[in-house]
Amino acid sequence: MASKEELALLLKRPIYLERNSYPHFYNGGKLRAEFVGDFDEGDDYYSEEWIFSTNRAVTPGRDNPPDKGISRIRLRSGEVVRITELLKAFPEETLGKKHVKKFGPNLGILVKIFDVGKGAHIPVHWHPTPEFSKKHLKNDFGKNEAWMIIGKRPGGKAWVGWKEDIDPKDFKKWMNKQDIRKMRSMMHVVEPRVGDVIFLRASYVHSLGSGLCNLEPQEPTDWNILAEWKGYPFGKKDVTCGLKMDDALAAADYSKMPLDYLNDYVRRTPEKIRSEGPSREDHLVPNEAKQFFDMTKLIVKKKISAPAKRGFYCAICLKGEGVARGKFGDVPIRRGQSLFVHRAVPAFDFVKEGRGDLELVCCFPPEIK
């Protein structure tokens, strides 16, 4: 455990977030590893990386130690410790008074990368809403989420929402028969491109096929209710978050998702927030997402001031290289690296270095009104 004096040294500048991957129940990881700079790694079961997290990860069919999933940071001494040590030692300095009053010394957001490998897929599944979670799971958070496609293999696609209204009794029959082909045939097929963003409200049924590597900000839970268990290292009793099957089924939305809603709202079009010279910041999710998390993108052609007066956030470098430059000096950043920009960090700029633009995604906790 780090001393308070060691942790205090981290408050002067943005903090690098260390690698934080672990074995999951589905195969993948090659594109995730390439994104963070490990080009010699192939697909295995290290298919997820939890970049910004104060949540414990619980993976069906795998070992689940008590600190699994919690982000790591590095002290000046080189020792790597859990981010929770810093947040508990300096909650208001890192997260802000209003945030701590509502959420305690927790991030209130989870940001991860997940990569679906060759021949693998993420099961047909859905997530509970916050209202459902409060009633059935004794938790204030559901799992609203957004995906940014940061890597893709040929044929990569997802299934999102129903093409027609579905009778829950029929869906239950498909589950019991493990008729995944039938389920998917009733869903919209989405073939996103690298850079696309999809905002997915909790309760919408979805699945991801082989070939998509996503950056995902979400509510800080790991609630996943799965319609599939055949061929995975868990059984039917493990797919409902501990709920009775009928209660778990009640968390899904069975109504038709209109095509205009899918194409004009679920699939996002960036909206410019501001520009500074040739550089700009775009909003990537709808305003309704702010109650759960927020997500913007910085396109730095020379330099741009870091997001201000929006609290702490996680900045993930998508492309190029540059520095965070302020009174603290320069903090280099390149593709695949992530920074925790906490409340104590003084004003600074992101500055491009080298060829090409510097692009970063900034993921924010829920807005507190």
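What follows is calculated from the coordinates using simple rules that are stated; it is not laboratory data. What you see is a predicted model; the values in this text were computed from it and never measured. Note that each Cβ is placed from the backbone with ideal geometry, even for glycine, and that neighbours are counted across all protein chains shown.
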Output the peptides 12-19, 187-194 sorted from most to least packed, where packing is the average of other Cβ atoms within 10 Å over each peptide's residues.
12-19, 187-194
Using modelled backbone amide H atoms (1.01 Å from N, in-plane), which distant-in-sequence or interchain residues come within less than 5 Å of Arg72's amide H?
Glu18, Ile83
If you take every residue apart from Gln178 with its C-beta less than 11 Å away from the C-beta of Gln178, what net charge results, scoring Lys and Arg +1 and Asp and Glu -1?
+4
Kindly write out, for segment 197-214 in residue order, the coupling ³J(HN,Hα) from the Karplus curve 6.51 cos²θ - 1.76 cosθ + 1.60 (θ = phi - 60°), rounded to whole Hz, with x marking Gly and Pro.
10, 10, 9, 10, 5, 4, 5, 6, 6, 7, 7, 10, x, 4, x, 10, 10, 10
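Test of the criteria: in segment 226-280, which trypsin sites (Lys or Arg not before Pro) are in a DSSP loop and have at most 11 other Cβ atoms within 10 angstrom of their Cβ?
Working: sites: Lys230, Lys236, Lys237, Lys244, Lys256, Arg267, Arg268, Lys272, Arg274, Arg280; in loops: Lys230, Lys244, Arg268.
Listed in order of number, the matching sites are Lys230, Lys244.
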Just to check I understand the Karplus step: with θ = phi - 60° and J = 6.51 cos²θ - 1.76 cosθ + 1.60, what whole-Hz values come out for segment 323-335, glycine and proline as x?
9, 8, 10, x, 4, 7, x, 10, 10, x, 8, 9, 3
Asn287-Tyr265 pseudo-label distance in nm [points 7 Å out on the Cα-to-Cβ vector]
1.4
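Using only the Cα atoms of segment 4-266, what semi-axes does the equivalent ellipsoid have when each is the square root of 5 times a gyration tensor eigenvalue? Give whole Å, largest first. Don't skip to the answer; put the middle values down first.
Numbers: eigenvalues 211, 92, 61 Å².
The three semi-axes for segment 4-266 are 33, 21, 17 Å.
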Work out Dmax and Rg for segment 95-162 from the C-alpha atoms and quote the Rg first, both in angstrom.
16.3, 47
Starting from 0.36 nm per residue, how many nanometres of slack lie between Arg310 and Phe39 once their C-alpha separation is accounted for?
94.1 nm
Sequence order, segment 228-241: Karplus ³J(HN,Hα) from phi using 6.51 cos²θ - 1.76 cosθ + 1.60, θ = phi - 60°, Hz rounded, Gly and Pro as x, gives 10, 9, 5, x, 10, x, 7, x, 4, 6, 9, 9, 10, 6
Please report the spacing between the Cα centers of segment 1-76 and segment 188-215 in Å, no decimals.
22
Would you mind checking the pairs Lys12/Lys319; Lys272/Lys301; Lys88/Lys327; Lys30/Lys319 and listing those with alpha carbons more than 20 angstrom apart?
Lys12/Lys319; Lys88/Lys327
With Cα atoms, 0 to 90° folded angle of helix 168-177 axis to the chain main axis
90
